[in-house]
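Note sheet for the following structure.
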Amino acid sequence: EFLEAHLEQEMLRFTTAGSVDDGKSTLIGRLLHDTKSVYEDQLAAVKKSRVNRAAGGHVDFSLLTDGLKAEREQGITIDVAYRYFSTARRKFIIADTPGHEQYTRNMATGASTADVAIVLIDAKAFLKHGGLLPQSRRHTYIAALLGIPHVVAAVNKMDLVGYSQESFAAIRGEFLELAAQLGLKSVEMIPVSALEGDNVVAPSTAMPWYEGPTLLEYLETVPLRVGEVDGPMRFPVQLVLRPDANFRGFAGQVARGVLRAGERVIALPSRQETTVRRIVSYDGDLAAASYPQSVTVELEDEIDVSRGEMLVSASGADAIPEISRHFRAMVVWMHEDPLVVGRTYVAKHTTRTVRATVRAIRHRVDVGTLEEVAADRLEMNEIAEVEF
């Protein structure tokens with residue numbers, strides 16, 4: 001019963017974001033430590049480490065996630081570190097991402113599958129610089145760009161500003177203004193001290209003026225995304241299966257919505273219409289399959305469907321996506337060689353690869369100001385709307 005209950009628990013993926021030295025790795029280390037998710041030998045090794053940047057005799061919890069030698073030497077996060085832990089209410093996968101502008105692409109990669117983005121803001125640095133740092137704005141912008149449904153701003157190092165309610169209110173006002181500008185709908189603000197443990201797992205006695213949830217309470221109760229189940233059905237074909245002359249099936253993963261046996265579907269881009277005869281799985285035939293199940297579909301008619309093509313619901317005009325040879329997309333460029341207008345690239349289109357040529361760079365975003373500037377190329381870590 002215990003194992004079954006554990007298997008049935010919801011899985012929440014979340015990522016950390018923010019500027020350099022905001023305390024992302026320390027916060028994750030504190031979260032793991034206070035939820036009893038660190039083995040004794042791991043904790044002993046961290047306590048004995050010759051690298052310890054935590055003052056006042058504290059344990060340097062950042063060493064629990066910063067495992068690379070270069071990360072420990074420099075006191076920064078370079079690569080994405082994935083950690084797993086669970087509580088009685090949920091299971092979690094953490095992506096601890098770097099804050100340096102040089103590693104923005106690593107942050108975007110780690111955040112791409114997240115349900116929640118934790119944006120850390122250094123309260124002392126905010127007061128020193130008179131506002132949010134550019135990298136904090138950049139990471140919040142990327143979180144919005146990736147469609148992460150929930151963002152929580154963890155205002156860290158409150159112990160260094162005397163647990164000041166006025167300082168938190170100033171940070172809260174500026175961040176909520178940024179969130180509104182980016183169209184973020186679900187935003188939570190939590191004052192924390194990763195070093196001291198305030199409002200991470202246990203409520204803080206030093207900030208009685210804060211009446212909201214702790215970070216762990218928020219993560220345990222925030223609703224998981226359901227858009228992939230509720231939206232119109234999408235079934236990209238990954239493989240055509242023909243084991244014998246009596247069976248021809250199309251294997252893939254339901255990318256959105258619910259696929260039902262007996263449903264009328266349209267194959268794109270050919271627009272041929274047919275009916276789902278069977279939905280075959282390892283456990284036998286299913287009456288329906290939903291995101292993110294992987295199944296094999298057998299159709300009533302012998303229509304031509306190949307890898308990379310897609311089955312969509314035939315019910316309602318809104319269910320059918322637009323078909324075009326041109327598209328625009330917001331791009332975070334991740335390669336050392338710049339993206340250049342006129343150059344041809346390989347694009348992943350559902351489950352196949354195609355060639356795509358850059359026709360124009362419409363808008364490059366200055367993330368520090370969120371203003372759009374003209375450009376004919378994209379350097380690494382820059383963001384722009386590109387027409388292909």
The conditions are (1) farther than 20 Å from GLU379 by Cβ; (2) in contact (Cβ under 8 Å) with a residue 40 or more places away in the chain; (3) out of contact with any helix residue (DSSP H, G or I) (no Cβ under 7 Å at 6 or more places or on another chain), and ALA329 fails exactly one of them. Which is it? (1)
Residue by residue through the range 338-353, note down the ones that are surrounded by 13 or more Cβ atoms within 10 Å (Cβ to Cβ) and in a loop (DSSP other than H, G, I, E, B). PRO338, VAL341, THR350, THR351
Hey, does the range 171-188 have a residue that's in contact with a Lys or Arg (Cβ under 9 Å, 6 or more places away or on another chain) and under 18 Å from PRO208 (Cα atoms)? no
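Using the structure shown, decide if VAL365 is over 23 Å from ASN246 (Cα atoms) and surrounded by 14 or more Cβ atoms within 10 Å (Cβ to Cβ). Even if it seems obvious, please write down each step before you answer.
Values: over 23 Å from ASN246 (Cα atoms): yes; surrounded by 14 or more Cβ atoms within 10 Å (Cβ to Cβ): yes.
In short, yes.
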So which pairs qualify, if the first residue must be in the range 107-131 and assigned to a loop (DSSP other than H, G, I, E, B), the second must be among the hydrophobic types (A, V, I, L, M, F, W, C), the Cβ gap must be under 7 Å, and the two must be at least 6 apart or on different chains? SER112/LEU146; ALA114/PHE14; ALA114/ALA95; ALA114/ILE148; ASP115/LEU12; ASP115/PHE14; ASP115/LEU224
Under the condition of being within 25 Å of ALA144 (Cα to Cα) and surrounded by fewer than 15 Cβ atoms within 10 Å (Cβ to Cβ), which residue from the range 175-219 is farthest from the chain's Cα centre (by Cα)? GLY212
Among all residue pairs at least 6 apart or on different chains, which show Cβ distances below 6 Å where the first residue, located in the range 294-312, is within 15 Å of GLY257 (Cβ to Cβ) and the second is of a type in the set (Ser, Thr, Tyr)? VAL295/SER281; MET310/THR350
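So which strands (runs of 3 or more DSSP E) are wholly in the range 136-249 and hold at least 2 residues that are aliphatic (A, V, I, L, M)? Give the derivation first.
Working: elements: 150-156, 187-191, 234-236, 239-244.
Output list reads 150-156, 187-191, 239-244.
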In the range 340-352, anything within 23 Å of the chain's Cα centre (by Cα) and not basic (Lys, Arg) is listed as ALA347, HIS349, THR350, THR351
For the range 265-277, enumerate the residues that are at pLDDT 95 or above and open to solvent by 70 Å² or more (accessible area, probe 1.4 Å). ARG277
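Give me a count of the residues in the range 1-17 that are among the hydrophobic types (A, V, I, L, M, F, W, C) and open to solvent by 40 Å² or more (accessible area, probe 1.4 Å). Step through it out loud before you land on a result.
Residues of the range 1-17 that are among the hydrophobic types (A, V, I, L, M, F, W, C), as a first pass: 2-3, 5, 7, 11-12, 14, 17.
With open to solvent by 40 Å² or more (accessible area, probe 1.4 Å) added as a condition, the list becomes 2-3, 5, 7, 11.
Looking only at that region, the number is 5.
The values are calculated or read from the model by the stated rules, or taken from the named source; none is laboratory data. Keep in mind that this is a model prediction, so the values were computed, not measured. Please note: Cβ atoms are built from the backbone with ideal geometry, for glycine as well, and neighbour counts cover all protein chains shown. Note: areas computed on protein heavy atoms with side chains; ligands, DNA, RNA excluded. Shrake-Rupley method; radii C 1.70, N 1.55, O 1.52, S 1.80 Å.
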